[in-house]
Amino acid sequence: MEAKTAGYVLIGLVFWLALLSFHLVRTLKHYQKLTRGSAGQSLNQILDQIITKQDLEAKQISQIQAAIEKQKDVQKSNFQRFSFMRYNPFEDTGGDQSFALAILDGKNNGIVISSLHSRNGTRVYAKEVTAAGPTTHQFSKEEKEVVEKAARHV
């Protein structure tokens, strides 16, 4: 009986040794794969290089994000909202020859250009538009309408 038990123990130990050998070989292959092309560097050196590279890339990402935010602020000062309306300001003149054009930036500052066409001629007006409030010039009904329409444009 003791020989039988010793045989089972021996078979168990051989199985355990085979299992450990399999895991060791797999771990060594994984280690070799990690250190391949590393010019004989240790795993610690490789990991340090990866961490250093990751820190550098994180700084670059932060710089790119800051540049994007700066560009967003610059973009807000570009004209990007427009509205146009043709209308007839005088009942005795036919056709919609007059117009109002609002051109605004991302902060709703800009200009409104209007042209009033009558039998005697055409007059063109340009007025400043500020998001802060009223300017020194009063807007006509049509000018107010195109400014509001342009401000709603996104």
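Observations
- Some residue of the stretch 62-69 being in a strand (DSSP E or B) and without any contact (Cβ under 8 Å) to a residue 60 or more places away in the chain: no
- Scoring residue 39 on the criteria (1) surrounded by fewer than 10 Cβ atoms within 10 Å (Cβ to Cβ); (2) in a helix (DSSP H, G or I) leaves a single failure, condition (2).
- Residues that are touching a residue at least 40 places away in the same chain (Cβ under 8 Å) and basic (Lys, Arg) are absent from the stretch 12-26 altogether.
- Residues (part of a strand (DSSP E or B), of a type outside the set (A, V, I, L, M, F, W, C) and more than 33 Å from the chain's Cα centre (by Cα)) located in the stretch 92-114: 98, 114
- For residue 62, the requirement of being surrounded by 10 or more Cβ atoms within 10 Å (Cβ to Cβ), at pLDDT 85 or above and either in contact with a Gly (Cβ under 6 Å, 6 or more places away or on another chain) or among the small types (Gly, Ala, Ser) (or both) is met.
The values are calculated or read from the model by the stated rules, or taken from the named source; none is laboratory data. It should be emphasised that the depicted structure is a prediction, and the values quoted were computed from it without experimental measurement. Counting neighbours? That spans all protein chains shown, and the Cβs are built from the backbone with ideal geometry, glycine included.
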